[in-house]
1. Ratio of alpha-carbon Rg to the 2.2 N^0.38 Å globular estimate for the chain, to two decimals, please.
2. With point charges of +1 on the Cβ of Lys and Arg and -1 on the Cβ of Asp and Glu, referenced to the Cα centre of the chain, which listed residue (Ser63, Ser95, Leu13) lies farthest in the positive direction of the dipole?
3. Take the residue pairs Lys69/Lys123; Lys3/Lys96; Lys100/Lys150; Lys25/Lys100; Lys51/Lys96 and return only those whose Cα atoms are more than 30 Å apart.
4. Starting from the Cα-Cα distance between Val131 and Ile118, subtract it from 0.36 nm times their residue separation and give me the gain in nm to one decimal.
5. Counting other Cβ atoms within 10 Å of each Cβ, which GluC sites (Glu not before Pro) in segment 10-61 have at most 11 and sit in a DSSP loop?
6. Aspartates and glutamates within cross-link reach of Lys161: Cα-Cα under 12 Å, excluding same-chain residues under 8 positions apart?
7. Helix 7-19 sits at what angle to the longest principal axis of the chain, using alpha carbons and giving 0 to 90 degrees rounded to 10?
8. State to the nearest 20 debye the size of the charge dipole of the chain about its Cα centre, where the only charges are +1 on K and R beta carbons and -1 on D and E beta carbons.
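No value in this document is a laboratory result; all are computed from the given coordinates. Remember, it's a predicted structure, so these values are computed and weren't measured experimentally. Because the Cβ atoms are built from the backbone with ideal geometry, glycine has one as well, and the counts that use them run over all protein chains shown.
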Amino acid sequence: MSKVLSYEEKLELIRLWKEENYSIKMLSDHFGVAKSVVERWRKRYLIHGEKGLILQTTNPPYSEEQKEKILSEINNGISKRTILAKYKISHSTLSKWMLKSSYMEKFNPAKAIEPEEIKSLKKQYKDNPAVIELLERLEYSEMENACLKKLATLVQARKEKEQKQSKN
């Protein structure tokens, strides 16, 4: 149902909302867009004025501090739609930040995941085959990594033994 509105169409949408008291549903039907799209442009207009209606083709770069501030606003109860409008970021960008943030809280990527943790995660995500497959691959990689570390230790020990024997 949704289509891309031009800047002029967005201005007309806002004018109809402000001056003619069109409802979100009426605007949605009139312009052939989803109600969520109308609501997004309305919120952007309320926060940024007419500048908020200009199509933004790329998201501006955000520092880690800015991302943390935005995520803390969500944790404090501000709706995602309000955040999207306020900061003019896409839903997918915000979702990526939220996902990364939640994973970083749960996992330390620098440490190996213990087998018990993998079993626990498998139980937690038992209904998600994609996650289960990734966990199984991770489990295999962790075992393979442990074996290679042991092999490297044995090879090093053998080299040291051979060096000692050649010196004698």
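1. 1.75
2. Result: Ser63.
3. Pairs exceeding the cut-off: Lys69/Lys123; Lys100/Lys150; Lys25/Lys100.
4. Computed gain between Val131 and Ile118 is 3.6 nm.
5. Qualifying residues, ordered by number: Glu20.
6. Those aspartates and glutamates meeting the cut-off do not exist here.
7. Between helix and principal axis, roughly 60 degrees.
8. 380
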